[in-house]
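Chemist: Before I ask anything, let me first share the structure, which is written out below as structure tokens.
Just so it is clear, none of the values below were taken in a lab; they were calculated from the coordinates. These numbers were taken from a predicted model, which means no experiment stands behind them. Here the Cβ is made from the backbone with ideal geometry for all residues, glycine too, and neighbour counts use every protein chain on show.
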Amino acid sequence: MRTALMILLMIGTAQARHIAKPSPITPSHASLVRQNLCADQMNLQRFQNEDEVQDAVRRGVLIALPITLGLHVAPNLPLSRRYARPTTVQFLLTLSEAYRLQFGKYLTIDSAVRSKEVQKKLRRTNRSAAPVDGETASAHETGAGVDLSKNLKRTQLQWLRSMLNYYQVMNVAVIEEERHCMHIVVIGETE
């Protein structure tokens, strides 16, 4: 009886270790709502089409994603979508330089600005893509949202989670850890 009880206790403990607890960066309805509330409070324009994106680039509202020793852009990201708001770019530079100093490697940006036009097309093929309108609309439409690849080693991913949790707690960004990427919406200054 005592042996059976010990075995059940050990099995229960082992199973309990594998129960996934929601983290502060787990995707949620509340996170999407917060991203949109912040975008509204910051008076961020939502780009309707590629012409509006290019106009924002000409006016300096959006700037090109930099390529540095610590930051690369995925080759499959279209040239017309390799832009973000200046505060988002500064955030990426700060984060990626810290990552490079820690690991000697670079982070990869998988996605950045998307017009509503592009988001509509994406929703046709990606069921988990955010809607184009409403309280849970995609923050990519504002240029404040970017996705970083999670194609990293375990220790690198743990470091990235820790840093992004910190930035979320400090109200610098709203973070969602998605299946293949870290979705980041920059809502404040990094320094």
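Chemist: Quick one: which of 108-119, 92-103, 56-67 comes out on top by average Cβ neighbours within 10 Å, and what's the full order, highest first?
Modeler: 108-119, 92-103, 56-67
Chemist: Let me ask something else. 5 Å is the cut-off here: which amide hydrogens, built 1.01 Å from N in the peptide plane, fall below it relative to Gln48, excluding neighbours closer than 5 in sequence?
Modeler: Lys116
Chemist: Once Rh is set to the Kirkwood radius over Cα pairs, what Stokes-Einstein translational diffusion coefficient, in µm²/s, holds for region 46-191 at a temperature of 20 °C and a viscosity of 1.002 mPa s?
Modeler: The estimated diffusion coefficient comes to 140 µm²/s.
Chemist: Apply the Karplus curve 6.51 cos²θ - 1.76 cosθ + 1.60, θ = phi - 60°, to the phi angles in region 173-180 and return the couplings in whole Hz, x for Gly and Pro.
Modeler: 8, 10, 10, 9, 8, 8, 4, 10
Chemist: Is the shape of region 34-130 rounded, prolate or oblate, going by the alpha carbon gyration tensor and its root eigenvalues a ≥ b ≥ c, with a/c under 1.5 for rounded and a/b larger than b/c for prolate?
Modeler: prolate
Chemist: Placing unit charges on C-beta atoms (Lys and Arg positive, Asp and Glu negative, everything else neutral), compute the dipole magnitude of region 67-191 about its Cα centre in debye, rounded to 20.
Modeler: 580
Chemist: I'd like the distance separating the alpha-carbon centroids of region 77-101 and region 144-189, in whole Å.
Modeler: Taking the Cα centre of each part, region 77-101 and region 144-189 sit 12 Å apart.
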